[in-house]
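Before any comments, here is the structure.
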Amino acid sequence: MTLDLFSYVILLPVAGFLVNGLLGLFNLAGWRSEARKPVVGWLASAAILVPFLILLQIFIGMAAQDKGFVTLYNWLTIETLQVNISYQVDSLSVLMGLMVTGIGFLIHVYSIGYMKHDPGFWRFFVYLNLFIFSMLNLIFADNLMLLFLGWEGVGLCSYLLIGFWYQHAFANDAAIKAFVMNRIGDFAFLIGMFLLFTSAGSLNFDAINQSVGALDPTTLFLAGLFLFIGATGKSAQIPLYTWLPDAMAGPTPVSALIHAATMVTAGVYMVARLSPLFSASPELMVVIAVIGGLTAFLAATIGLFQNDIKKVLAYSTVSQLGYMFLAAGVGAFPVAIFHVFTHAFFKACLFLGSGSVIHAMHEEQDIRNMGGLRKYLPQTYLTFFIATLALAGFPLTAGFFSKDEILFRTFASGNYLLWGLALFSALLTAVYMMRLTSLTFYGRERFDAGHKHPHESPALMTLPLWVLAAGALTVGFLGLPGVVSHSNWITEWLSPAVITAEVHATHTTEWILIGLGSVIALTGLFAGWKLYTTGLETVTRLKSGLSGLYNLVYNKYFVDELYDRLVVGPYTRLSESVLAKIENRFFYPVFGWTSSAVSGFADTLRYIQTGYTPVYLTLFIIGVIGLISLILFI
């Protein structure tokens, strides 16, 4: 394995950010003009494609057990704390890096077509490049401090991209909500870092993982718990998940890049990177598994009744992230990363497909106002349908292999209640995804054809869809179940970097569970298709008969309203009634006095700043005499 070119993996995205950013900021060479848009887009895309090719070269030339480090410079040294800008290249980081840069490049290309008419075109690609740079720092960091730098960087880029259309109040509100809720998790993350440093004496991953046996159980549990709370913020788990659905206010490529394939999986990656730490605390593993299972179920029920095409996919993302944490919680860390990998393909395809639909429908996002679009958007429909099957776990698609492996590992761990919850969530997933597909592409046209003329997206947008759809069909074969093949490539590839719990189950049990998972997926898909193509009247009657339950789920269990009442409202009232008065009566007078004092001092100095050379020369001579006198008489 040669790492001679690895530095360019990190530096090229930030170079794209700086070049496009500076040229666009000062509008040099007409960088903001329509004529420069292709140059801006392809320059930003190349800054991601080249790192992908470098990582692909490294991947081809490395073995699973290979590990290398690239240190650029010493970042800081404070007594015993020494942190380097140093990157760890191993099987886990290379796999994640290929995913981020490969799918990131496809989304960049898609964005050239999708954002073509947006006046902030150059600014959008500046943010995308900065995001990829931050994500690569997060993935390849060999210590928690550098990982946290990337962690905060993707949080900043998320804020900028969610609020990209800042002229709309809803986009600003969504960006602020995402930023604040992530800061809650990040505060807990910092506490976990402090605990680990004070107990392990280092923030390097290898040092932390090797010192696990010397740490007491309480410290292990608390440090891991605070890190996991940070992960619940970044990866949208209970109770910090409510920001992600609102984040759909950003442009659709943002949803595909940040909220499907990369940023929201950062928490799962962090847990896998520190798998020896987390697995050393059985109590913490139970917490992770329970939170993951409950999140998967809760989000799946909410997604069943959403009408915004992107909101359905958003809650689906939250649910699938829950599956990833469920896998980690039962000790199947490689399986969690496997689902991260497969999910990136079909969910990015779905989000970009939804963008193609929105583009064709002139910004319409309500699936109740669509229908019959498959004849207008044949390529979008086929790729969307393939990704839907993969997400639902249709046999032999990518989602089938990774999701069924999670269900199997959960059952084998003895957590039968969580397994049942995850199995039922899989059924709901198939139903709401086929509901989404049916209401969008099947049935009668529910839009005004006189005002809307749907049309297929250009090749720049459809080509990435086909590549992602192909991945949604094929990448699952990297993790064949044990009953089919003794060689599970994904587990063997990741085994040097992450640990996994032993599996105690017979092949018969595994075959039964695979068959059950297949039946669940097929049943859910058929039910969703039947109900939302020819059975809409039945759906209406069910909603009327279960109006109370329907309203509860449709309103997302009123969690946002609960947070407003318990947290936002009291804080706002405190600010208005107490903090504002303190500010007006204390801080403003102090600021006024300070300003007056500085102004008065400046007025005094102004008398000696006359602009006449003789005055300055006189003052200089007086100063020299004063210094000589000071030296002679002291």
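A short reminder: the numbers here are calculations on the coordinates, not readings from a lab. Keep in mind that what you see is a predicted model, and the values were worked out from it rather than measured. Here Cβ is always computed from backbone atoms with ideal geometry, including for glycine, and neighbour counts include all displayed protein chains.
Could I get the Rg over Rh figure for the chain? Both from C-alpha atoms, Rh via Kirkwood, rounded to two places. The Rg/Rh ratio comes out at 1.05. Given R0 = 30 Å, the distance between the Cβ atoms of Thr540 and Val568 translates into a calculated FRET efficiency of 0.30. With a/c under 1.5 counting as rounded, go ahead and sort the range 579-633 into rounded, prolate or oblate using the C-alpha gyration tensor (a ≥ b ≥ c being the square roots of the eigenvalues; past the cut-off, prolate if a/b is larger than b/c, else oblate). Note, shape of the range 579-633 comes out oblate.
In this simple spin-label approximation, Thr2 and Thr509 carry label points 7 Å from Cα along the Cα→Cβ vector, and these lie 4.9 nm apart.
Treating r as the C-beta distance of Asp448 and Lys375 and R0 as 22 Å, the FRET efficiency rounds to 0.85. Residues whose amide H comes within less than 5 Å of that of Phe394, counting only those at least five positions distant or on another chain, are Phe400 (H built at 1.01 Å from N in the peptide plane).
A simple rule links phi to the HN-Hα coupling: the Karplus curve 6.51 cos²θ - 1.76 cosθ + 1.60 with θ = phi - 60°, which for the range 622-628 gives 4, x, 4, 4, x, 5, 4 Hz, with x for Gly and Pro.
Exposure proxy ranking for His486, His455, His108, based on other Cβ atoms within 10 angstrom of each Cβ and starting from the fewest, stands as His486, His455, His108. Once the Cβ-Cβ distance of Val483 and Asp66 is raised to the sixth power relative to R0 = 41 Å, the FRET efficiency obtained is 0.85. Modelled this way, with points 7 Å down the Cα-to-C-beta line, the labels at Arg368 and Phe187 are 3.9 nm from one another.
With K and R counted +1 and D and E -1, the other residues having a Cβ less than 15 Å from that of Val89 yield a net charge of -3.
Within the chain, the longest run free of exposed loop sites, counting GluC sites (Glu not before Pro) that sit outside DSSP helix and strand states (H, G, I, E, B) and have at most 13 other Cβ atoms within 10 Å, spans 80-362. With the helix formula -39500 (n - 2.57) applied to DSSP H stretches of n ≥ 4, the chain reaches a computed 222 nm mean residue ellipticity of -22500 deg cm²/dmol.
Under the shape rule built on the C-alpha gyration tensor, where the axes satisfy a ≥ b ≥ c, the range 490-634 is prolate, since a/c reaches at least 1.5 and a/b is greater than b/c.
For the range 340-346, 3J(HN,Hα) computed residue by residue from phi via the Karplus equation (6.51, -1.76, 1.60; θ = phi - 60°) reads 4, 5, 5, 4, 4, 6, 6 Hz, glycine and proline entered as x. Other residues within the sphere of radius under 12 Å centred on the Cβ of Lys177, judged by their own Cβ, net out at -3 (K and R +1, D and E -1). Please give the net charge around Phe189, taking every other residue with its beta carbon less than 14 angstrom from that of Phe189, where Lys and Arg add +1 and Asp and Glu add -1. Computed value for this residue: +1. Note on Tyr550 and Val624: the model spin-label points, each 7 Å out from Cα along the C-beta direction, lie 9.4 nm apart. For the residue pairs Lys116/Lys556; Lys311/Lys543; Lys67/Lys403, the C-alpha atoms sit more than 26 angstrom apart in Lys116/Lys556; Lys67/Lys403.
Derived scalar couplings between HN and Hα for the range 600-609 equal x, 4, 5, 4, 5, 5, 4, 5, 9, 9 Hz in order, rounded to whole Hz, by the Karplus curve 6.51 cos²θ - 1.76 cosθ + 1.60 (θ = phi - 60°), x for Gly and Pro.
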